[in-house]
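Okay, structure first, notes after.
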Amino acid sequence: MATQHSRSAARIMMAPAVILLLGWMLVPLIMTLMFSFKQYLPLRGGDLGWVGFDNYVRFVSSSAFWPSVVATLTIVGGVLLITVVFGILLAILLNQPMWGQGIVRILVIAPFFVMPTVSALVWKNMFMDPVNGLFAHLWKFFGAEPIAWLSEASMPSIVMIVSWQWLPFATLILLTAIQSLDSEQLEAAEMDGAPPIKRFAYITLPHLGRAITIVILIQTIFLLAVFAEIFVTTGGAFGTRTLTYLIFQRVLESQNVGLGSAGGVYAIILANIVAIFLMRIVGKNLDA
Amino acid sequence: MARAVTQQRKTINTALAWGIGLLIFFPILWTILTSFKTEATAIADPPVFLAFDWTLENYSAVMERSNYARFLWNSIIIAGGSTLLGILVAVPAAWSMAFVPSKRTKDILLWMLSTKMLPAVGVLYPIYLIFINLGILDSRIGLVIVLMLMNLPIIVWMLYTYFREIPVEILEAARMDGASLKEEILYVLTPMAIPGIASTVLLNFILAWNEAFWTLNLTAANAAPLTAFIASYSSPEGLFFAKLSAASTMAIAPILILGWFSQKQLVSGLTFGAVK
């Protein structure tokens, strides 16, 4: 039915979006690549010429690099573990018959809509403050010494804040997936005397496999880029300087654009490795 | 007997789910409650839960002190502007991909998705430099453009998934009856597409409202939206819990309400249709 006429019309209609995204992708990317091979210090002499792979080597060999990789992996791994495990449990619970299911859903999903700067500040001050925070009161109530969360247990604190923000996302997606599970299958297994653990391991979990993979991939992309939560809580101190934050500091705080750009290229490569897997799943789904 | 057991199980489920739900929601509830306390009650030891003299003084203090209205206005302009602009660009693209698909449609869609994966920090300085050269650093129009481009892949994808569910037969019937392309879009497609467009608008408005990398790094005094306004409360000493809570409540309340309406769209929108 599609005529030559409608085909060319379609191409014209697609053009603005494609051209804009192409520019958005290519222009900054090419600039970053270019800067990464240069000694470029905007406040101390500007463009000081090509230096080959110097920045790449220096970025990796700086003493801040490996700790930042560890910090990044801790946040990504920790948050993924917490959100996926609790997300599955919560999704199973929310799928059971109960009173006021709609309201509970609303309560559970709310953290996702809180802007990152607000959630980080609320947790930092009203809960984790060692003097006036709610946790400090709780600890004192049980006779324990209050903890200065963000300096003494900085990493677990940040993992907790970020997990709180992302648990709703994982739960919601897993709940959507669980609702498409054929309940007759579960009932038949129950009749045959399969205990709950086995029903979960052999029926529910395999059914959730794809949804879990998608949660992991999408969250990884966002978690690699966690920024505001660190910006307003520790400012990268106490071992919480992630790769993203390190690049931000190199580029904007110490204005070493060449070095920061090399770091940026590393970050882009890292994100692309994750992205390839995600695209494969989404691409398969397009054919269906 | 069986009925009694299920009733009992339902009660346990309900209690457990409500308990966990309230626990997850508690930080938000606590923020809202604290916003109505005086600064002294806000840090009272032991903490006061409900039995305090409710006051609105924090809200008026925040409004007076920090020019809250300008930050709010910036947030509305930036989130609203980027969403509308994105819709304008994305509707024709998604329409053509859904109704006149070619061999390359799938590749184009996946490529668009891949631009979303580009870590922002990797291109921070180029964008910063371009903004300085164009004179749009710390301007609302600059952020409208960046956030539009950032969310454009999601907008195209969401619209594409919605449009694809519109039956093609209806369009063909309209064509048979002699409807032109313009009439087809205006009278047949638009009414059917409006719910999908509405949820796309909603979700992207929320994402743009909460965006906190570009809004923190590309604004200063003029164009700073609420994300930056809240971040300015992060100085450790002399912090006022009640005022922080009032400011936070004002920043999240509109989005929380919008968000509850859009929870269904959230799943298909953020998983690019891979989970429905």
Scan the stretch A:76-89 and tell me whether some residue there is assigned to a helix (DSSP H, G or I) and more than 21 Å from the chain's Cα centre (by Cα).
no
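Yes/no per residue for (1) part of a helix (DSSP H, G or I); (2) within 24 Å of B:Pro254 (Cα to Cα):
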{"residue": "B:Phe36", "(1), (2)": "no, yes"}
{"residue": "B:Thr41", "(1), (2)": "yes, no"}
{"residue": "B:Asp53", "(1), (2)": "no, no"}
{"residue": "B:Thr83", "(1), (2)": "yes, yes"}
Here are some conditions: (1) in contact with a Phe, Trp or Tyr (Cβ under 9 Å, 6 or more places away or on another chain); (2) closer than 30 Å to B:Glu39 by Cβ; (3) hydrophobic (A, V, I, L, M, F, W, C); (4) at pLDDT 80 or above. B:Leu239 meets all but one. Which one does it not meet?
(4)
Taking interchain pairs and intrachain pairs at least six residues apart, which have beta carbon atoms under 9 angstrom, with the first residue in the stretch A:222-250 and more than 17 Å from A:Ala267 (Cβ to Cβ) and the second in a loop (DSSP other than H, G, I, E, B) and aromatic (Phe, Trp, Tyr)?
A:Val232/B:Tyr233
Is it the case, given these coordinates, that A:Ser63 is without any contact (Cβ under 8 Å) to a residue 60 or more places away in the chain and either under 24 Å from A:Ala237 (Cα atoms) or of a type in the set (Phe, Trp, Tyr) (or both)?
yes
Hey, B:Ile12 hits all of (1) part of a helix (DSSP H, G or I); (2) within 7 Å of chain A (Cβ to nearest Cβ); (3) over 13 Å from A:Leu107 (Cα atoms) but one; which does it fall short on?
(2)
Hey, among B:Ala98, B:Ala120, which residue is touching a residue at least 60 places away in the same chain (Cβ under 8 Å), farther than 27 Å from A:Ile30 by Cα and buried (at least 18 other Cβ atoms within 10 Å of the Cβ)?
B:Ala98
Can you list residue pairs whose Cβ atoms sit under 6 Å apart, with the first residue in the stretch B:127-144 being in the same structural domain as B:Pro225 (by TED's automatic domain parsing) and under 13 Å from B:Ala220 (Cα atoms) and the second being β-branched (Val, Ile, Thr) and crowded, with 18+ Cβ neighbours inside 10 Å? Count only pairs 6 or more apart in sequence or on different chains.
B:Asp138/B:Thr219; B:Arg140/B:Ile78; B:Gly142/B:Ile136; B:Leu143/B:Ile78
When A:Ile216 is evaluated against the numbered criteria (1) more than 10 Å from chain B (Cβ to nearest Cβ); (2) over 18 Å from A:Ser119 (Cα atoms); (3) without any contact (Cβ under 8 Å) to a residue 24 or more places away in the chain, which criterion, by number, is the only one it fails?
(3)
From the list B:Leu207, B:Leu270, which residue is at pLDDT 85 or above and more than 30 Å from B:Glu64 (Cβ to Cβ)?
B:Leu207
Looking at (1) touching a Phe, Trp or Tyr at 6+ places or on another chain (Cβ under 9 Å); (2) in contact (Cβ under 8 Å) with a residue 24 or more places away in the chain, find the lone condition where B:Ile76 falls short.
(2)
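Having 2 or more residues that are of a type in the set (A, V, I, L, M) and closer than 27 Å to A:Gly23 by Cβ is the bar; report the helices (runs of 4 or more DSSP H) wholly within the stretch B:153-259 that clear it. Lay out the reasoning, then the answer.
Values: elements: B:168-176, B:190-210, B:214-217, B:226-231.
Of the helices (runs of 4 or more DSSP H) lying wholly inside the stretch B:153-259, those with at least 2 residues that are of a type in the set (A, V, I, L, M) and closer than 27 Å to A:Gly23 by Cβ span B:190-210.
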If a residue must be part of a helix (DSSP H, G or I), in contact (Cβ under 8 Å) with a residue 12 or more places away in the chain and buried (at least 16 other Cβ atoms within 10 Å of the Cβ), how many such residues does the stretch A:128-154 contain?
4
Taking the stretch B:125-160, which residues are out of contact with any helix residue (DSSP H, G or I) (no Cβ under 7 Å at 6 or more places or on another chain) and polar (S, T, N, Q)?
B:Asn133, B:Ser139
When residues of the stretch A:136-192 are filtered for being touching a Phe, Trp or Tyr at 6+ places or on another chain (Cβ under 9 Å) and of a type in the set (Asp, Glu), how many remain?
2
Can you tell me how many residues in the stretch A:245-288 are surrounded by 15 or more Cβ atoms within 10 Å (Cβ to Cβ), small (Gly, Ala, Ser) and more than 19 Å from B:Phe213 (Cα to Cα)?
4
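The values are calculated or read from the model by the stated rules, or taken from the named source; none is laboratory data. Since the model is a prediction, treat every value here as computed from it, not as a measurement. Every residue, glycine as well, gets a Cβ built from its backbone with ideal geometry; the counts of neighbours run over all protein chains shown.
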